[in-house]
Amino acid sequence: MISVLIADDEQPAITELAFLLAQDPRVGVIHQASSGSEAIRLLARESVDAAFLDIHMPGLTGFDLARALARFERSPVLVFVTADEEGALEAFDLAAVDYLLKPVRTERLHRSIGRIVEALKVGQARQMSDEASAAPEMIAVTLGSTTRMIRLDDVRYVQAQGDYARLHTEEASYLVRVPMGDLERQWADAGFARVHRSYLVSLPHLSRIRLGGDRPSVTIGQAELPVSRRLLPALRSRLDQAVIRPRQ
């Protein structure tokens with residue numbers, strides 16, 4: 001079900017359109033605003049899938065409001081609702097999916113909602129494609145006399161070795177000239193957490209978690225790594241945030 005906003009300076013028009021929208025099973029929450037500025041304030045608090053905008057509103061017109069909404073991080077699908085046809089060209093220049101003439105007919109509104117649903121599907125598919133094609137973060141490592149690139153998400157855990165750090169992947173390990181503390185700060189957002197003064201682990205790679213008893217530990221592949229008592233509270237917090245429930 002989609003959530004919508006109706007913005008119109010005439011309350012009877014809002015009431016009629018809200019009634020018609022409520023008859024369609026594809027429509028869920030219906031928000032109402034009696035001016036462009038009220039719509040902006042509402043959308044700063046609420047996220048909607050589509051906006052039905054009257055063009056001729058005092059102050060911020062429907063076109064002004066559409067340009068403002070285009071700057072939102074998640075811009076709603078636009079449908080303009082008006083009593084004349086003069087603004088149709090500008091409406092579609094603003095990427096509106098439809099242009100409805102008042103009084104709005106039920107069957108015409110039904111088609112408009114269909115266009116909204118299709119536009120949302122296209123947007124979701126494009127977002128999924130963009131996420132899937134995003135290049136993974138790469139790290140330069142030295143192996144003998146050669147330098148190669150490995151993916152950060154292939155690193156299972158990091159082991160401190162003096163002023164250096166050894167990155168362990170499933171296939172091999174690599175020594176990098178970066179202190180463990182620097183990696184801890186740089187890779188926190190990538191899902192890495194410090195479990196011991198000598199170990200930094202990738203939370204998504206954990207296969208076993210044992211935080212109770214005398215010897216708390218985490219397991220990644222064949223490696224069982226100790227967990228420092230001092231770092232237990234911070235690790236529990238990170239695991240809760242990652243929706244990983246430790247097994248005692």
Selected residue [in contact (Cβ under 8 Å) with a residue 60 or more places away in the chain, part of a helix (DSSP H, G or I) and either open to solvent by 70 Å² or more (accessible area, probe 1.4 Å) or not acidic (Asp, Glu) (or both)] from Leu42, Leu17
Leu17
Subset of region 212-223 (residues that are touching a residue at least 12 places away in the same chain (Cβ under 8 Å) and under 12 Å from Val201 (Cβ atoms)):
Val218, Thr219, Ile220, Gly221, Ala223
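How many residues does region 193-222 contain that are open to solvent by less than 20 Å² (accessible area, probe 1.4 Å) and either in contact with a Lys or Arg (Cβ under 9 Å, 6 or more places away or on another chain) or more than 22 Å from Gln161 (Cβ to Cβ) (or both)? Break it down stepwise before answering.
Residues of region 193-222 open to solvent by less than 20 Å² (accessible area, probe 1.4 Å): 193, 195, 200-203, 209, 211, 216-218, 220.
Still in the running and either in contact with a Lys or Arg (Cβ under 9 Å, 6 or more places away or on another chain) or more than 22 Å from Gln161 (Cβ to Cβ) (or both): 193, 200-203, 209, 211, 216-218, 220.
Looking only at that region, the number is 11.
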Output for region 47-63, where each listed residue is touching a residue at least 40 places away in the same chain (Cβ under 8 Å) and either within 24 Å of Met1 (Cβ to Cβ) or outside any loop (DSSP other than H, G, I, E, B) (or both)
Ser47, Val48, Asp49, Ala50, Ala51, Phe52, Leu53, Asp54, Gly62
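Specify which of the listed residues (Ala66, Ala96) is open to solvent by less than 40 Å² (accessible area, probe 1.4 Å), in a helix (DSSP H, G or I) and in contact with a strand residue (DSSP E or B) (Cβ under 7 Å, 6 or more places away or on another chain). Quick ask: steps written out before the conclusion?
Numbers: Ala96 fails: in a helix (DSSP H, G or I).
None of the others qualify; the one that does is Ala66.
The values are calculated or read from the model by the stated rules, or taken from the named source; none is laboratory data. Predicted, not measured: the structure shown is a model, and the values here were computed from it. In this analysis, Cβ positions are derived from the backbone assuming ideal geometry, glycine residues included, and neighbour counts consider all displayed protein chains. Please note that ligands, DNA and RNA were not included when accessible areas were found on the heavy atoms of the full protein model with its side chains. Shrake-Rupley method; radii C 1.70, N 1.55, O 1.52, S 1.80 Å.
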